[in-house]
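Asks: I'd like to ask you about the structure that follows.
Only the coordinates and a few stated rules stand behind these numbers; no lab work does. Computed from a predicted model, the values in this text were never measured in an experiment. Cβ: placed from backbone, ideal geometry, glycine included. Neighbour counts: every protein chain shown.
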Amino acid sequence: MTVSPPETRASLILRLQDAADVVAWDEFAEIYAPVVYRSARRQGLQAADADNVVQEVLAAVAQSVTQWLQRDDRGPFRKWLFRIARNTAIDFLTRRKHRAWAEGGDAVARQLDEVEAAADMSSQFDLEYCREVFLRASEVVRRQVSETTWQAFYRTSVLQESVETVGDHLGLRAGAVYIARCRVMKRLQQTVVELTGDVK
C-alpha cells in the first residue's frame, strides 16, 4: 500500500490569489521554496541557478494560480507546481546547454538528457515536500515537549537507535521511551494535519 503525501491546504491555495496576502505567501514560500530548491539542485543546477528557479517558480505561481483554480480539470496542486518547477529547471539547463554548445562543451547537454530521462522526478518532488512538512512539524512539536521526550522520539524513530540504548543514555525505562515516542508521533501527525489540512 502506497501512502500519499499530505496535500496543501485549499485555504492557503485560495489565499495565493491575493498577491498582497504576505502571510499566505510567506507560508507558501516557507514550505515550497526549499522543496523547489532541492529539486532543482537534484536536477543538476548550481546553487545560484536553483535560487533563480525558486524565484521564477514563485512568480509563475503568482501569475497563474487564479487561472489554475478556475480550471475544471486542474488536478492536484502539487503536481501542477511540480510541472512548473521541472519546466523552469529544464529551461535553465537548456539555456546553459546552448551556452555550453556555443563554447564547445557538452557536459551540460548530458545533464539535460539525464533530467529529461528521470522518470520519477514527481515522486522526488513529493518526497521533498514531505520532508519539508516533517521539518516544519518537527520544529513546532519540539518546542512543545521536553528535550528528553524529543530525544527519545528522535533517536529511536529517526536515527533508528534501539529503545534500550536510548533509554540507558536518557536514564529512562524502555516503557517510558515507547510512551515518549508515541506521544511525539501523535503530536507530529496532528501538526502535519494542521499544516497541510486534509483537502485534496
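Asks: Where does each of SER162, SER39 land when they are ranked from fewest to most other beta-carbon atoms within 10 angstrom?
Replies: Fewest-to-most ranking of SER162, SER39: SER162, SER39.
Asks: To continue, here is another question. If you take every residue apart from ASP21 with its C-beta less than 13 Å away from the C-beta of ASP21, what net charge results, scoring Lys and Arg +1 and Asp and Glu -1?
Replies: Working: positive: ARG15; negative: ASP18, ASP26, GLU27.
My count for the surroundings of ASP21 gives -2.
Asks: Please give the FRET efficiency for ILE90 paired with ASP18, using the beta carbon to beta carbon distance and R0 = 22 Å, rounded to the nearest 0.05. Let's see the in-between values first.
Replies: On the way: r = 30 Å, r/R0 = 1.35.
With R0 = 22 Å, the Cβ-Cβ based efficiency is 0.15.
Asks: How would VAL35, VAL163 line up from fewest to most surrounding beta-carbon atoms within 10 angstrom?
Replies: With the fewest neighbours first, VAL35, VAL163 line up as VAL163, VAL35.
Asks: Under a point spin-label approximation (7 Å from Cα along Cα-to-Cβ), what is the GLU164-ALA176 distance to one decimal in nm?
Replies: 1.9
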